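The values are calculated or read from the model by the stated rules, or taken from the named source; none is laboratory data. Computed from a prediction, not measured in an experiment: that's the story for all the values here. Please note: Cβ atoms are built from the backbone with ideal geometry, for glycine as well, and neighbour counts cover all protein chains shown.
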Amino acid sequence: MTSKPIRIAIAGAGKVGRYVAGDLRKKGHEVVLIEQNKDKIASVRDEVDVSWIAGDACELHTLDASVLSSCDVMVAATGDDEDNLVISLLAKQEFAVPRVVARVNYPHNQWLFNETWGIDVSVSTPHLLTALVEEAVSVGDVIQLLQLEQGKVSLVEITLAEGSPAEGKTIGELALPPDGTIVAVVRERHVISPTPDTPLHAGDEVLALVTPDAEADLQRALAD
């Protein structure tokens with residue numbers, strides 16, 4: 001069963017914006033790509049089969065009703081964090097776009113990318129790379145992979161060490177915090193959909209959704 005096509009606006013036709021636009025088009029979605037550099041549009045517009053808007057996405061006259069009022073998602077994917085914040089705020093406050101996704105170029109700006117600026121999900125490539133490196137080499141530590149709901153919920157991963165309090169127990173036997181839930185277990189390159197009767201073993205990669213306040217309790221249940 002395929003998902004229903006949605007209308008998506010993407011600001012920034014750099015490599016990131018073009019790749020995301022092309023990928024979403026292949027999945028059958030309607031994509032509008034906004035770029036202020038007309039020379040860039042002329043040189044790359046044949047790369048992706050999308051609708052093009054020439055203009056500054058930080059300006060209301062570019063993000064007019066015909067562009068954003070009918071969009072389900074706005075993606076602020078420029079190479080400038082200030083622009084991405086302004087674009088996100090306009091999309092949410094002026095056009096009530098249901099879901100706003102923003103690219104974080106410089107990790108020290110991550111704290112700004114929250115609901116105050118109308119952002120539902122922020123993506124920081126440097127932070128993601130760090131998390132993936134930690135995930136590959138760390139055992140027994142909670143590694144944050146992705147922030148959701150403006151940072152109110154995180155997707156985290158923990159590899160169970162030998163002798164961890166979760167080893168040999170089923171998920172139903174664990175003292176998990178109310179604001180934490182295990183969503184998947186990866187074992188020997190196979191993904192297991194967890195149930196209360198799923199047993200856990202050393203070496204399992206456990207993926208969980210958790211609020212920041214509950215991370216320490218999740219750590220205690222799985223690792224300490």
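Just one of (1) among the hydrophobic types (A, V, I, L, M, F, W, C); (2) more than 12 Å from Q219 (Cα to Cα); (3) buried (at least 17 other Cβ atoms within 10 Å of the Cβ) fails for V186. It is (3). Condition first: under 21 Å from D64 (Cα atoms), surrounded by fewer than 23 Cβ atoms within 10 Å (Cβ to Cβ) and out of contact with any Lys or Arg (no Cβ under 8 Å at 6 or more places or on another chain). Now tell me which residues in the range 1-40 satisfy that. Answer for the range 1-40, where residues must be under 21 Å from D64 (Cα atoms), surrounded by fewer than 23 Cβ atoms within 10 Å (Cβ to Cβ) and out of contact with any Lys or Arg (no Cβ under 8 Å at 6 or more places or on another chain): I6, R7, Q36, N37, K38. For the range 140-155, the candidate set comprises residues that are modelled with pLDDT of 70 or more and among the polar types (S, T, N, Q); within that set, the residue that is farthest from A208 (Cα to Cα) is Q147.
Checked against the criterion of being among the charged types (D, E, K, R) and surrounded by 21 or more Cβ atoms within 10 Å (Cβ to Cβ), the range 58-78 has no qualifying residue. Looking only at the range 87-100, count how many residues are surrounded by fewer than 20 Cβ atoms within 10 Å (Cβ to Cβ) and among the aliphatic types (A, V, I, L, M). Qualifying residue count for the region: 2.
Let's see how each residue does on (1) touching a helix residue (DSSP H, G or I) at 6+ places or on another chain (Cβ under 6 Å); (2) modelled with pLDDT of 85 or more:
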position: I119; (1), (2): yes, yes
position: L129; (1), (2): no, no
position: E157; (1), (2): yes, yes
position: G163; (1), (2): no, yes
position: E173; (1), (2): no, yes
position: P199; (1), (2): no, yes
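V16 meets the stated requirement of being aliphatic (A, V, I, L, M), within 23 Å of L112 (Cα to Cα) and in contact (Cβ under 8 Å) with a residue 40 or more places away in the chain. Each residue in the range 176-208 was checked for being of a type in the set (V, I, T) and free of Cβ contacts under 8 Å to residues at least 12 places away in the same chain, and 2 pass.
Only residues that are part of a strand (DSSP E or B) and either more than 30 Å from D120 (Cα to Cα) or of a type in the set (V, I, T) (or both) were counted across the range 183-193, and they come to 7. Within the range 208-224, the set of residues being over 17 Å from E167 (Cβ atoms) and not polar (S, T, N, Q) comprises L209, V210, P212, D213, A214, E215, A216, D217.
Each row is one residue, and each column tells you yes or no for (1) crowded, with 17+ Cβ neighbours inside 10 Å; (2) not assigned by TED's automatic domain parsing to the domain that holds V142; (3) not in a strand (DSSP E or B).
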residue: E157; (1), (2), (3): yes, no, no
residue: G163; (1), (2), (3): no, no, yes
residue: G168; (1), (2), (3): no, no, yes
residue: P178; (1), (2), (3): no, no, yes
residue: T181; (1), (2), (3): no, no, no
residue: T195; (1), (2), (3): no, no, yes
residue: V206; (1), (2), (3): yes, no, no
residue: D213; (1), (2), (3): no, no, yes
